[in-house]
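The values are calculated or read from the model by the stated rules, or taken from the named source; none is laboratory data. All values derive from a computational prediction rather than experimental measurement. FYI the Cβ positions are ideal-geometry reconstructions off the backbone, even for glycines, and counts take in every protein chain you see. Surface accessibility is based on the protein's heavy atoms, side chains included, excluding ligands, DNA and RNA. Shrake-Rupley method; radii C 1.70, N 1.55, O 1.52, S 1.80 Å.
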Amino acid sequence: MHEVSKVKGSFVVLNDKGLHTRPSTEIVKCVGNFKSEIRLHYGGLVVNAKSILGILMMAAGRGAKVTVEAVGEDAEEALAALIHLAKHHFNMSY
């Protein structure tokens, strides 16, 4: 049986237009492959990272620091994948 772990980390939004629809879609696609529960914290909101509407509600602009909390057997891998995605501008090139 796998051990359930809880990890926390953060990323800074590097995209000029912030977390609009396309980067939010990339986040949902990235974390959708993981079993862990992944939450994003920003501006007093806590949203499910698997919910595009939740991510859009955060309205995180360029320079926003978003905290990530992942709980589950693949939490560490999920956190690492999300931070990697953020560092690569959510696969966006304008």
The one condition in (1) surrounded by 14 or more Cβ atoms within 10 Å (Cβ to Cβ); (2) in contact (Cβ under 8 Å) with a residue 60 or more places away in the chain that Lys8 fails to fulfil: (1)
Residue count for the range 35-53, restricted to those that are in contact (Cβ under 8 Å) with a residue 40 or more places away in the chain and either under 12 Å from the mean Cα position of the chain (by Cα) or open to solvent by 40 Å² or more (accessible area, probe 1.4 Å) (or both): 1
Residue that is nearest to the chain's Cα centre (by Cα) [pool: residues in the range 54-79 that are open to solvent by 30 Å² or more (accessible area, probe 1.4 Å) and in contact (Cβ under 8 Å) with a residue 60 or more places away in the chain]: Glu69
